[in-house]
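> Here you go, one structure.
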Amino acid sequence: MGYHRNMKRLTLDTNAIIELSQATPPSALSDIVELAGADRVVLQVAAIAGSERQKGGGQLRSFKLFIERLKQVGLGSARILKPLAYLNLCYVGWAIPIPVDGDPTERAIHSILFPRIAFAAKDHCLASDLAGRKRWRNAKCDVLALWCHIYHGGDVFVTRDRNYFKTSKNERLEVLGAGVIARPEEALKLVSQ
């Protein structure tokens, strides 16, 4: 698959990967994957997607399993985007060191998407609070997925997560550099024109 600068770069969130694994009839996402196969768009996936809770619970134990999952759903040629490196969250070798003073874009995304969840796990919950840690982990993965999209120059962030579409959030995320945030059907229309 070739890559041309004028091709739209679509970043699929974790839910899109899960949806592709479940889609029996063709869907907008499967049509988007076909467009990528025809070199009409570039598909991107944040490496942090393998760290999110998977269907049935738990996380994928290795990056190799994540790559296998991507291949199974037709995303074997997708560009893998490295997130900021969080211990016990990211895959070794598949993350970017966090700047000493932190990353302002990550903080801004977090404050927009999850104003009621502390930025750091230690400030959100006790280590023994498993439910709180799951909420924090899911929030951090969502933040890092969008951070990857922005940092690596994505054009369209594809998700069904309603949190991204709240008017008070969507416009602020676009100002940060998210470009277009779209549901799969909207993204398909956008790239099919």
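The values are calculated or read from the model by the stated rules, or taken from the named source; none is laboratory data. Predicted model only: the values in this text are computed from it and were never measured. So basically every Cβ, Gly included, is an ideal-geometry build from the backbone, and we count neighbours across all protein chains shown. Remember, those area values only see protein heavy atoms, side chains included, never the ligands or the DNA or RNA. Shrake-Rupley method; radii C 1.70, N 1.55, O 1.52, S 1.80 Å.
> Would you kindly derive the ³J(HN,Hα) couplings of segment 184-193 from the backbone phi angles with the Karplus curve 6.51 cos²θ - 1.76 cosθ + 1.60 (θ = phi - 60°), listing them in order in whole Hz, with x for Gly and Pro?
x, 5, 5, 5, 4, 4, 4, 8, 8, 6
> I've got another one for you. Using Stokes-Einstein with the Kirkwood hydrodynamic radius over Cα pairs, what translational diffusion coefficient do you get for segment 46-193 at 37 °C and a viscosity of 0.692 mPa s, in µm²/s rounded to a whole number? Please report the intermediate quantities before stating the final value.
Details: Rh = 16.2 Å.
Roughly 203 µm²/s, to the nearest whole number.
> So with the 1.4 Å probe, I'd like the accessible area per residue for segment 151-193, rounded to whole Å².
55
> Still on this model: Would you list which aspartates and glutamates come within 16 Å of residue 134, measuring only between C-alpha atoms, while excluding same-chain residues fewer than 8 positions from it?
Within the straight-line limit of under 16 Å, residue 134 reaches these aspartates and glutamates: 52, 123, 142.
> Within the accessible area of the chain, what % is carbon and sulfur when the probe is 1.4 Å and the other protein chains stay in place?
The C+S portion of the solvent-accessible surface of the chain is 52 percent.
> A further question on this structure: For residue 131 and residue 111, what is the calculated FRET efficiency with R₀ set at 25 Å and r taken between the beta-carbons, to the nearest 0.05?
Numbers: r = 22 Å, r/R0 = 0.89.
Efficiency computed from Cβ-Cβ geometry: 0.65.
> Taking the Cα-to-Cβ direction at residue 167 and at residue 118 and moving 7 Å from each Cα, how far apart do the two end points lie in nm?
Going by the 7 Å Cα→Cβ label model, 3.4 nm.
> If I model a spin label as a point 7 Å beyond the Cα along the Cα-Cβ vector, how far apart are those points for residue 98 and residue 186 in nm?
3.0
> Let me ask something additional. Using 19 Å as the cut-off for backbone N distance, which residues of segment 159-193 belong to the label zone defined by a point 7 Å from the Cα of residue 38 along Cα→Cβ?
Once the point is set 7 Å along Cα→Cβ of residue 38, 184-193 turn out to lie under 19 Å by backbone N, inside segment 159-193.
> Now for a separate question. Considering the dipole of the chain built from charges on the beta carbon (Lys and Arg +1, Asp and Glu -1) around the Cα centre, which of 158, 168, 115 is farthest to its positive end?
It is 115, whose Cα lies furthest towards the positive end.
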